[in-house]
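As structure tokens, the structure follows; a few thoughts come after it.
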Amino acid sequence: QTNKELLRNLAHEIKNPLTPMKLSIQHLQRALKDNSPDITELTSKISHRLIEQIDNLSGIATAFSDFAKMPQGVFKPIDIIPILESTVELFREEENINISLDYPSTACVVLADKDQLMRVFTNIIKNAIQAIPENKIGLIDIHLLVASDNYLITVKDNGVGIANEKREHIFEPNFTTKSSGTGLGLAISRNIIERMNGKIWFESIVDEYSIFYIQIPKAIN
């Protein structure tokens, strides 16, 4: 995604709350002009609505700031396994979600920033959980595989899948704080993995499953 597209996306997200804010104020102005009998109640209701939209705008600004200033990270040789294990443990208490994790018996060393790698795993697993309907027992299968010069992490869920019209834009930054699902998580994850000379992609069948793949080069001894 180019900087121009990124800024266009951000401008769109900022404009979304501005229109209802303007309409609300115009409604209040007309009520004041007409000496409306319910002016006190209306003022309270519109004030509440405006504060909500201002909070929304603030959230968008924070998200954009976080995305823009994401640190480059300190890259060191690290074993993926304990990072993956500790990330999975964060989600073990999720209700109606069963997570399985399978990995090799020997260390899987990559050149990476530990905190950023944990952020990627957290984003992907959180997305998998969010994709599962509340009335369904969630099954999330995570595998760490060795493939020639790379390690491959797969995260499969039994959720709602990714709609065809969303697939092209799944890794694009979405700055709105009211969107369900990915938001900035996948955009940041792709940014981190690509700076490690890795790749991230997915496959999905609607109403059946999604699998996210993360490929990271082995650290050279």
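The values are calculated or read from the model by the stated rules, or taken from the named source; none is laboratory data. From a predicted model like this one, the values you see are computed outputs, not experimental measurements. For neighbour counting, all protein chains shown are included, and Cβ atoms are generated from backbone atoms with ideal geometry for every residue, glycine included. Surface accessibility is based on the protein's heavy atoms, side chains included, excluding ligands, DNA and RNA. Shrake-Rupley method; radii C 1.70, N 1.55, O 1.52, S 1.80 Å.
Rolling a 1.4 Å probe across the protein heavy atoms gives the chain an accessible surface of 59 Å² per residue. Summing -39500 (n - 2.57) over the DSSP H runs of n ≥ 4 in the chain and dividing by its residue number, what mean residue ellipticity at 222 nm do you reach, to the nearest 500 deg cm²/dmol? Helix contribution divided over all residues of the chain: -16000 deg cm²/dmol.
Looking at the chain, which longest stretch skips every one of the GluC sites (Glu not before Pro) that is in a DSSP loop with at most 11 other Cβ atoms within 10 Å, leaving the sites themselves out?
With a cap of 11 other Cβ atoms within 10 Å, the longest stretch comes to 1-92.
Karplus-derived 3J(HN,Hα) values for the range 202-217, using 6.51 cos²θ - 1.76 cosθ + 1.60 with θ = phi - 60°, are 8, 9, 7, 10, 4, 6, 10, 6, 9, 10, 9, 10, 10, 10, 10, x Hz; glycine and proline are entered as x. Each principal axis of the Cα cloud of the chain was taken in turn, and the coordinate range along them, longest first, works out to 77, 39, 30 Å.
Relative to the compact-globule scaling 2.2 N^0.38 Å, provide the ratio for the alpha-carbon radius of gyration of the range 30-120.
Numbers: Rg = 24.5 Å, N = 91, 2.2 N^0.38 = 12.2 Å.
That ratio works out to 2.01.
For the range 52-59, the Karplus equation 6.51 cos²θ - 1.76 cosθ + 1.60, evaluated at θ = phi - 60°, returns couplings of 4, 6, 5, 4, 4, 4, 4, x Hz by residue, with Gly and Pro reported as x.
Could you compute the longest span of the chain free of trypsin sites (Lys or Arg not before Pro) located in DSSP loops and having at most 10 other Cβ atoms within 10 Å, not counting the site residues? Value returned for the longest uninterrupted segment is 93-221. Across the range 128-143, computed HN-Hα scalar couplings (Karplus, 6.51 cos²θ - 1.76 cosθ + 1.60, θ = phi - 60°) run 4, 5, 5, 7, 8, x, 4, 8, 10, 6, x, 10, 10, 9, 10, 10 Hz from first to last residue, x flagging Gly and Pro. Under a 5 Å amide H cut-off, with hydrogens placed 1.01 Å from N, Leu101 pairs with Ile142 among residues at least 5 apart or on other chains.
The angle between the Cα long axis of helix 80-90 and the main principal axis of the chain comes to about 40°, on a 0 to 90 degree scale. The amide H of Asp113, built 1.01 Å from its N in the peptide plane, has Lys76 as neighbours under 5 Å, considering only residues 5 or more places off or on other chains. Counting protein heavy atoms only, the range 2-94 has 57 percent of its accessible area on carbon and sulfur, 1.4 angstrom probe. Quick check: from the Cα gyration tensor, does the range 71-201 come out rounded (a/c under 1.5), prolate or oblate? Judged from the Cα gyration tensor, the range 71-201 comes out oblate (a/c at least 1.5, b/c at or above a/b). Rounding to the nearest 10 and keeping the result within 0 to 90°, find how far the Cα-based axis of helix 185-195 lies from the longest principal axis of the chain. The answer is roughly 40 degrees.
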